[in-house]
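The values are calculated or read from the model by the stated rules, or taken from the named source; none is laboratory data. Model, not experiment: these values are computed from the prediction. Heads up, the Cβs are rebuilt from the backbone with ideal geometry, glycines too, and the neighbour counts pull from every protein chain shown. Just so you know, the surface numbers come from the protein's heavy atoms only, side chains and all, with ligands and any DNA or RNA stripped out. Shrake-Rupley method; radii C 1.70, N 1.55, O 1.52, S 1.80 Å.
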Amino acid sequence: MRRRTVDVAVIIPDAGPVLTLAGIDRIDLLGRFAVPVRVVDQVYYEITKPANDPKGEVAAGLRRLHNRIEIVETNVGVGFQTRLGRDPLTPSGNLGEIAVDEYATTLAHSTGPGFVPLVLFEDPDVLNLRVGRLKGVHLLNTTAWLLTLQREGLLPEGLDLVERINASRKTPMVPFEKVGSTSKIRSTWLRRSFGP
């Protein structure tokens, strides 16, 4: 049976990819995806809180992408903002992971078999979250994404960017990709890479 190629919805379940791109001044690269990039509200909070974005440059970079970034509201995120309003010292703990799991549960119950989420991540713990275990999920880390863009001639400086990223890390980020597929569909975020 021939597989039907479908487009993907891009989900960023941890702050890593955005903060990494911010560190090399290339948040703009998120605009290379053909669909909006979804970030749950609690992860957006983690990305843009003063400890991670003291000058507000990351938040400004995301705003410049306009409708290319979609902030997904969760009960976890709304609850945290309510508590934060009462007590500015409220810790956020692992609420980002819990909010992502909430969103993944919503996706599992509200999407059809043709929906394939592409999860762009850095924290390997994502592989153990519900979003990393969704049926047909396509997993891609930042390094694999940039190197594929270079290989396809869409980002000539891709290898240089990966080297800059790894120069700032204690351990290099090894490219990782797991293509999402079922017996009837195959995900693709770059048709020239994976074909129909």
Problem - Ile12 being open to solvent by less than 30 Å² (accessible area, probe 1.4 Å), within 24 Å of Leu154 (Cβ to Cβ) and under 17 Å from the mean Cα position of the chain (by Cα) - result: yes
Practice task
Kindly indicate whether any position in the range 78-96 is touching a residue at least 40 places away in the same chain (Cβ under 8 Å), open to solvent by less than 20 Å² (accessible area, probe 1.4 Å) and either in a loop (DSSP other than H, G, I, E, B) or closer than 19 Å to Ile12 by Cβ (or both).
Solution key: yes
Practice task
Could you grab me the full set of residues in the range 154-189 that are modelled with pLDDT under 65, buried (at least 16 other Cβ atoms within 10 Å of the Cβ) and part of a loop (DSSP other than H, G, I, E, B)?
Solution key: Thr188, Trp189
Handout entry: Condition met for Val39 (touching a strand residue (DSSP E or B) at 6+ places or on another chain (Cβ under 8 Å) and outside any helix (DSSP H, G or I))
Key = yes
Problem - Among the residues listed as Ala34, Ala59, the single one being surrounded by fewer than 20 Cβ atoms within 10 Å (Cβ to Cβ) and modelled with pLDDT under 95 - result: Ala34
Practice task
Name the residue, out of Arg26, Arg64, that is surrounded by 16 or more Cβ atoms within 10 Å (Cβ to Cβ), touching a helix residue (DSSP H, G or I) at 6+ places or on another chain (Cβ under 9 Å) and of a type in the set (Lys, Arg).
Solution key: Arg26
Handout entry: Subset of the range 103-113 (residues that are buried (at least 20 other Cβ atoms within 10 Å of the Cβ) and touching a Gly at 6+ places or on another chain (Cβ under 9 Å))
Key = Ala104
Fill in the blank from the handout: Of those in the range 106-118 that are more than 12 Å from Arg38 (Cα to Cα) and not hydrophobic (A, V, I, L, M, F, W, C), the residue modelled with the highest pLDDT is Thr106
Practice task
Kindly establish whether Phe121 is at pLDDT 90 or above and of a type outside the set (Gly, Ala, Ser).
Solution key: yes
